[in-house]
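My structure is below; once you've seen it, I'll send some questions.
The values are calculated or read from the model by the stated rules, or taken from the named source; none is laboratory data. Values in this document were obtained by computation on a predicted structure and should not be read as measured data. FYI the Cβ positions are ideal-geometry reconstructions off the backbone, even for glycines, and counts take in every protein chain you see.
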Amino acid sequence: MGRIAPDILEEIKDRVDIVQLISQYLPLKRAGRNFKALCPFHTEKTPSFTVSPEKQFFHCFGCGASGDIFQFLMRMENVTFPEALERLAEQAGVEIPRGRGEDSGEERDRLYHLHREAADYFHEVLLSSSGKKAREVAMSRGLDSSAIEAFRLGYAPDSWDRLREALKSKGFTTAEMLSVGLLGEREGGGEPYVKFRHRLMIPIWDSRGRVVAFGGRALDPEQEPKYLNSPEHLL
């Protein structure tokens, strides 16, 4: 699947109501202008999962899961973005234009490049003065400097925007960073935020030695979740 025009995505979101979609999976109860339910993504006894019909957005105040209809279906059905897009487009009665096969290849190449640049960024920050605590955590688990270099371990600084700005300076778009889970969307809109913050970063490699995702380990005991992984995406 090649790059999808933003107006196609918006048309699908306009036609598929998030409350109706989530109601197929959860018993929603009205709470003022919103709806609430027990979160399907973590165990809880008091509902903290909120759906806003006005913003067409869901957010869990317990585990932090949030997003629109695409993110919900991806999480709920454990499917990739292209698979969620196909299902929701069919439900909405929206036809997805089929581009040339090479478009998908070009998009994949950019995402491989994006992950490589992100891995280099995390690694450089780990080796800097701000990565001292992350280096100490890695070494306390038996990883010496040679292992840190071999695995290209990194550190995601405690910043909401440094990674985003670093990758934008390399020519990558916010949409590309969102598509692979390096950024997250804020409830109610606004500038997307960096999802991996103050974490020891572990690149995940494919069989050809390319970085395709990340795992991030919390560095403070009170950080939740302890482990944060990239979502399923095109790679």
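Consider E117 carefully, then state whether it is over 24 Å from V211 (Cβ atoms), assigned to a helix (DSSP H, G or I) and of a type in the set (D, E).
no
Select from the stretch 102-157 the residues that are hydroxyl-bearing (S, T, Y), under 18 Å from V194 (Cβ atoms) and surrounded by 13 or more Cβ atoms within 10 Å (Cβ to Cβ) and list them in ascending order.
Y121, S130, Y155 - these are the residues of the stretch 102-157 that are hydroxyl-bearing (S, T, Y), under 18 Å from V194 (Cβ atoms) and surrounded by 13 or more Cβ atoms within 10 Å (Cβ to Cβ).
OK, next. Which of the residues that make up the stretch 158-188 are in a helix (DSSP H, G or I), of a type outside the set (D, E, K, R) and buried (at least 17 other Cβ atoms within 10 Å of the Cβ)?
Within the stretch 158-188, L163, A166, L167, M177, L178, S179 qualify.
For the condition touching an Asp or Glu at 6+ places or on another chain (Cβ under 9 Å) and of a type in the set (S, T, Y), what is the one hit in S66, S48, S146? Give the steps one after another, and end with the answer.
Details: S48 fails: touching an Asp or Glu at 6+ places or on another chain (Cβ under 9 Å); S146 fails: touching an Asp or Glu at 6+ places or on another chain (Cβ under 9 Å).
Unique residue meeting the criteria: S66.
What is the residue count in the stretch 189-222 for residues that are buried (at least 16 other Cβ atoms within 10 Å of the Cβ) and either of a type in the set (V, I, T) or over 21 Å from F81 (Cβ atoms) (or both)?
12
Looking only at the stretch 196-209, which residues are closer than 17 Å to A156 by Cβ and part of a loop (DSSP other than H, G, I, E, B)?
F196, R197, H198 - these are the residues of the stretch 196-209 that are closer than 17 Å to A156 by Cβ and part of a loop (DSSP other than H, G, I, E, B).
For a quick check of your reading of the model, give me the residue pairs whose first member lies in the stretch 223-234 and is within 23 Å of A84 (Cβ to Cβ), whose second is aromatic (F, W, Y), with beta-carbon atoms closer than 8 Å and at least 6 apart or on different chains.
Qualifying pairs under 8 Å: L228/F196; N229/F214; S230/F214; E232/F81; H233/F81; L234/F81.
Answer yes if at least one residue in the stretch 56-76 is in a strand (DSSP E or B) and free of Cβ contacts under 8 Å to residues at least 40 places away in the same chain, and no otherwise.
Yes, that holds for at least one residue.
Could you check the stretch 210-229 and list, in sequence order, the residues that are of a type outside the set (K, R), in a loop (DSSP other than H, G, I, E, B) and farther than 18 Å from L126 by Cα?
Result: P221, E222, Q223, E224, P225.
Taking only pairs six or more apart or across chains, which ones have beta-carbon atoms under 7 Å, a first residue in the stretch 9-29 that is more than 24 Å from P47 (Cα to Cα) and assigned by TED's automatic domain parsing to the domain that holds F72, and a second residue that is among the β-branched types (V, I, T) and not in a helix (DSSP H, G or I)?
Listed by first residue and then by second, the contacts come to E11/V94; I12/V94; R15/V94.
Starting from residues that are over 17 Å from the mean Cα position of the chain (by Cα) and in contact (Cβ under 8 Å) with a residue 24 or more places away in the chain, keep the ones in the stretch 159-171 and report whichever is nearest to S128 (Cα to Cα).
Out of the qualifying residues, it is A166.
Looking at (1) part of a helix (DSSP H, G or I); (2) surrounded by fewer than 16 Cβ atoms within 10 Å (Cβ to Cβ); (3) modelled with pLDDT of 90 or more, which is the only condition H42 fails?
Checking H42 against (1) part of a helix (DSSP H, G or I); (2) surrounded by fewer than 16 Cβ atoms within 10 Å (Cβ to Cβ); (3) modelled with pLDDT of 90 or more, the one that fails is (1).
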